[in-house]
Amino acid sequence: MPNCFTHPDRESETQCPYCAKSFCDDCLLLHGNLDRITCTNCFNSIAGRLRSSISRRRLFAVAGLLLGPYLFYVGYVRGSDTTTALIGIACIIASAVNLARIKTYRDTLQFRPYTHTPNPSSAKSG
Ligand SMILES: [Zn+2]
Ligand SMILES: [Zn+2]
């Protein structure tokens, strides 16, 4: 194993799958539901992208939730305008999709320290 890219004096634990550099366990973390291994550098750039996606999608979701019911009301209840009503429904569906995506992104942003040996917590008394 080559040494850690950030700490040349330390032996690396594994490779980051994103940048393909080798890192020690201090420079690695696990993120998302699937505990994907990544180095802290790559995680920071992934997290930055996800955070801007989240704020963009949140805007769309809010707009859709305001506009959708309104268009549905104007089109269906007031004017029997099926097209407008359908656009309203589409807005609501798009909002739901955006909200689901935001949740996925939030899950991906979860992280914990990298541990190469999963330690089953040994019951200690005292
Ligand atoms: Zn990396
Ligand atoms: Zn390191």
### Query
Roughly speaking, what is the stretch gain from R106 to D26, that is 0.36 nm per residue apart minus the C-alpha to C-alpha distance, in nm to one decimal?
26.5 nm
### Summary
Taking r as the C-beta separation of L86 and R58 and R0 as 22 Å, the FRET efficiency to the nearest 0.05 is 0.35
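Once every DSSP H run of n ≥ 4 in the chain is given -39500 (n - 2.57) and the sum is divided by its residues, what mean residue ellipticity at 222 nm do you get, rounded to the nearest 500 deg cm²/dmol?
-17500 deg cm²/dmol
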### Query
In degrees from 0 to 90, rounded to the nearest 10, what is the angle of the helix 40-72 Cα long axis to the longest principal axis of the chain?
10 degrees
### Longest to shortest principal axis, alpha-carbon extents of the chain, angstrom
73, 40, 17
### Message
If I take every Cα pair under 8 Å that is 6 or more residues apart in the chain, average their sequence separation and divide by the length, what percent do I get for the relative contact order?
### Response
24 percent
### Query
Once you put a point 7 Å from the Cα of D9 and another 7 Å from the Cα of V74, both along the Cβ direction, what distance in nm separates them?
6.8 nm
### Cut-off under 5 Å, modelled amide H: who pairs with R36 long-range
H31
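Any read-out appearing in this document is the output of simple, stated calculations on the displayed coordinates, not a laboratory observation. Remember, predicted model here, so these are calculated numbers, not experimental data. Neighbour counts run over all protein chains shown; Cβ positions are idealised from the backbone, glycine included.
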